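A quick write-up on the structure given underneath.
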């Protein structure tokens, strides 16, 4: 197991376990689709890369939430 995940520091940086999990899943998909890591990937698996990116502040959870246009379906109902 990755030692950084045993400590609550990374959880507090992101704002909770749920946000951490969501961020890690989103970033994992991005890496699988060809996105380049923002840290040196030498000798690391994808999960270790993601944890290091979070700890270094290179990726963060999107705190803005869905935009009004994403949640407003009244325009489409006619």
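FYI, it's all coordinate maths here, none of it is from the lab. Bear in mind the structure is a predicted one, so any value in this text is a computation, not a measurement. With ideal geometry, Cβ positions are generated from the backbone for all residues, glycine too; neighbour counts draw on all protein chains shown.
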Legend entry - Cα-based convex hull, segment 3-56, per residue volume (Å³, whole number): 71
Inset, instruction - Can you put 53, 46 in order of Cβ neighbours within 10 angstrom, beginning with the fewest? - result: 46, 53
Legend entry - Full-extension gain in nm, residue 55 to residue 9, via 0.36 nm per residue minus C-alpha separation: 15.7 nm
